[in-house]
Every structure is written in structure tokens, then in C-alpha cells.
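Reading through the C-alpha cells given below for one structure.
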Amino acid sequence: MPKATVISLVNMKGGVGKTTVAVNLAAYLVREHGKRVLLIDLDPQSNTSLSLMPEAAWAAWARDHGTMADVFEVDAKRKRDHPVKLAECIVPNVVAGLDGLDLLPSHLQLTFLDLDLAARPARERILARKLAKVLDDYDIILCDCPPNLQTATQNALYASNWFLVPMQPDFLSSIGLGLLLDRLAYLKTELEFKIRCLGVVFSRVRRHVTFHQETMDRLPGEKAFKKLHFFPTVIPENISLSEAPMSGRPIALYAATAPGAEAFSALTREVVARLAGD
Ligand SMILES: Nc1ncnc2c1ncn2[C@@H]1O[C@H](COP(=O)(O)OP(=O)(O)OP(=O)(O)O)[C@@H](O)[C@H]1O
Ligand SMILES: [Mg+2]
């Protein structure tokens, strides 16, 4: 079996839809394409984890099995009597009715990751090293990153073949896209990442907002972004997408006919086609 393709969802801007794209792309990869998918939550906010698990179940899993905080061995007090293996922290088939979607949950302790790992050599390579042992178990691994390019995100990028950028089509976000690509190019050189850009996904798009459409028309033609792939399918602002996490289910199971669901189904087809054409 081929090794998993690893994709990081990144944007320094917060609240642009990284987690929503990670969760729902993962779900459609499993549901409509029969992929075996691992979703890794690298954000201390733990939004991906809590979108798919009730809080009590997540807390129990963190206590009994472990989370990304244990994978990174961040807090000495949390250290177990034996080193925790990454595979032990994975919640198999995290959503009932969606076999094939596994989750590696996050923990609030990751807030202190940068401080805790400051003196650790090759600290940006920990995830890649530990992930190697489960690469054969999955077709695709998605890393949901926090809104920064610090240690957690650097670990995701180093372990990844691709990065995917969810962004809102507004003025400040389009400035942010340039800064993000600039910083990623710098990290790629300095830390010897072998990563490529899978593309930009416009998310939280409001059709009646004129500047959203203007931004989506303008950006692909700009010199700095000419080589970037912009996915033709965009994710609309859709209330069902923000309600679904309350039910602990992706939109595919929560509201399969909502506009947001149809968009994610189409986006997933485009992602699969782009990966197949590589
Ligand atoms: N397409 C959408 N339609 C409606 N609500 C959305 C959509 N995308 C995201 N949201 C909501 O907007 C908020 C931010 O989205 P999300 O958590 O996916 O962004 P993020 O980029 O992961 O944020 P952060 O940077 O904090 O991790 C959430 O409450 C989410 O439910
Ligand atoms: Mg998020």
C-alpha cells in the first residue's frame, strides 16, 4: 500500500475556516472516496477534536490514552510512566457511521509547546519522525494547524507533502496570503521542508458581498499568485457548517443537503483529482 499523503491546513489568520475545511474534507474523503483518513489536531484550542467528540469523551481519551501534547511530550507533569506512542493517541473511527476517519486529538497543553520545546534539538521534526510509523495505515493525513507558523505548525509542515490554504476573500486576507507564502518560502529554505502548495480554498464566501466576488476574481490574476492553484469550488458561509460541530458530526452526516455540504462534496472531488494528477 502506498504511504499516506500528508496535507497541512495553514493560514496565519484566525477564523478563516481551517478547522471547518479540515473536518469536512476529511469526512468526504472517507464517505465518498473510500479513503482511510487521519485527522491531526495541532491547535491548542482543540476545535477539530471537539467538533468530532463530546467534551467528556475527549477529556477521558486525553487522560486514558493521550493527545498531541503527549506526542510532543510537552508537560513533564503529564508524562506517563512509559513514553506514549503516537498510535496509542489515535481515536479510531471517531464518528459513529463514518468508519475510516481516525482522529489524533489536541490538548490545551499545546499552548506551551513553543516554550517547552525551545531547547529541544530538531524540534520541528518530532511529528514527522513519530508519524512515520503510521503512514502505511492511511491514504491521507490532514493536519489542522493553529493560526500561526510556530512550532506546532512547523511540525505539521515538515511532515507534509502539501499545504492547503483556506482563506476568506476579503482585503486583509488577500494581504495575509502574500505574507503567508513569503513566510512559508522562508521556512522551506531554512528548515528544508519538501512541501508544495495544493491550493487556496475560498471559504466563508458570501455571494451577496460584492468585494468577496471582486477578491476572488482579482487574486488569481495577481503576479504574486499566478502560479497558485485556486480551487474552482468555494465554500459558502452556511449556518449548517457552524451548527454541525455541536452535534459532533461533520456536515456530511449533520445536514447532507445543505449548500455547505454540496460545496464540500465538490471540493473534495477537486482535491482528489488534483492529488491523482500529481
Ligand atoms: N463556511 C462557513 N459557514 C459558516 N460558518 C463557518 C464557515 N466556516 C467556518 N465557520 C465558523 O466560523 C468559525 C471559525 O471557523 P474555523 O474554526 O473553521 O476557522 P479556523 O481558521 O480554524 O479558526 P482558528 O484560526 O481559530 O483555528 C467557527 O465558529 C466555524 O463554525
Ligand atoms: Mg481552527
- Query: If the cut-off is a Cα-Cα distance under 18 Å, which aspartates and glutamates reach residue 188, setting aside same-chain residues fewer than 8 apart in sequence?
  - Reply: 124
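With the cut-off at 15 Å, report for region 1-93 the share of all Cα pairs above it, as a whole percent. Walk me through the numbers before you get to the answer.
Numbers: 2828 of 4278 pairs.
Result for the distance tail: 66 percent.
For region 1-51, what ratio Rg/Rh do Cα atoms give with a Kirkwood hydrodynamic radius?
Working: Rg = 11.8 Å, Rh = 12.0 Å.
So for region 1-51, dividing Rg by the Kirkwood Rh gives 0.98.
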- Message: Under 25 °C and 0.890 mPa s, how fast does region 89-188 diffuse according to Stokes-Einstein, given a Kirkwood radius computed over C-alpha pairs? Answer in µm²/s, whole number.
- Response: 158
- Message: On C-alpha positions alone, give me the angle between the axis of helix 18-33 and the longest principal axis of the chain, in degrees, nearest 10.
- Response: 90
- Query: Residue-wise, which Karplus ³J(HN,Hα) couplings in Hz belong to region 215-225, taking 6.51 cos²θ - 1.76 cosθ + 1.60, θ = phi - 60°, and x for glycine or proline?
  - Reply: 5, 5, 6, 7, 4, x, x, 6, 3, 5, 10
- Translational diffusion coefficient (Stokes-Einstein; Kirkwood radius from C-alpha pairs) of the chain at 10 °C, 1.306 mPa s, in µm²/s: 84
- Have a look at region 111-252 and give its Rg and Dmax from the Cα atoms, expressed in angstrom. 17.2, 50
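Of 13/85; 3/226; 3/130; 13/223, which pairs sit farther than 24 Å apart, going by alpha carbon to alpha carbon? Don't skip to the end; give the middle numbers.
On the way: 13/85 32 Å; 3/226 31 Å; 3/130 14 Å; 13/223 22 Å.
Too far apart for the 24 Å limit: 13/85; 3/226.
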- Mind checking which aspartates and glutamates have their C-alpha under 14 Å from residue 35, skipping anything on the same chain fewer than 8 residues away? 99, 102, 136, 137, 139
- What residues have an amide H closer than 5 Å to that of residue 197, excluding those fewer than 5 places away on the same chain, when H is modeled at 1.01 Å from N in the peptide plane? 163
- Would you mind computing the Rg to Rh ratio of region 191-246 from its alpha-carbon coordinates, Kirkwood style for Rh? 1.09
- Query: Out of 109, 154, 213, any idea which swings most in a Gaussian network model of the chain, alpha carbons joined below 10 Å?
  - Reply: 213
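So how strong a dipole does region 25-169 carry about its Cα centre when Lys and Arg Cβ are +1 and Asp and Glu Cβ are -1, to the nearest 20 debye? Can you show the working numbers first?
Values: 15 positive and 19 negative charges, 74 e Å.
That gives a dipole near 360 debye.
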- Item | Zone residues, region 149-192, relative to residue 226, backbone N less than 19 Å from point 7 Å out along Cα-to-Cβ | 178-179, 181-182
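Just so you know, all these numbers are worked out from the coordinates, no wet-lab data involved. For clarity, every value in this text was computed on a predicted model and none was experimentally measured. Quick reminder, even Gly has a Cβ in these numbers, built from the backbone with ideal geometry, and neighbours come from all protein chains shown.
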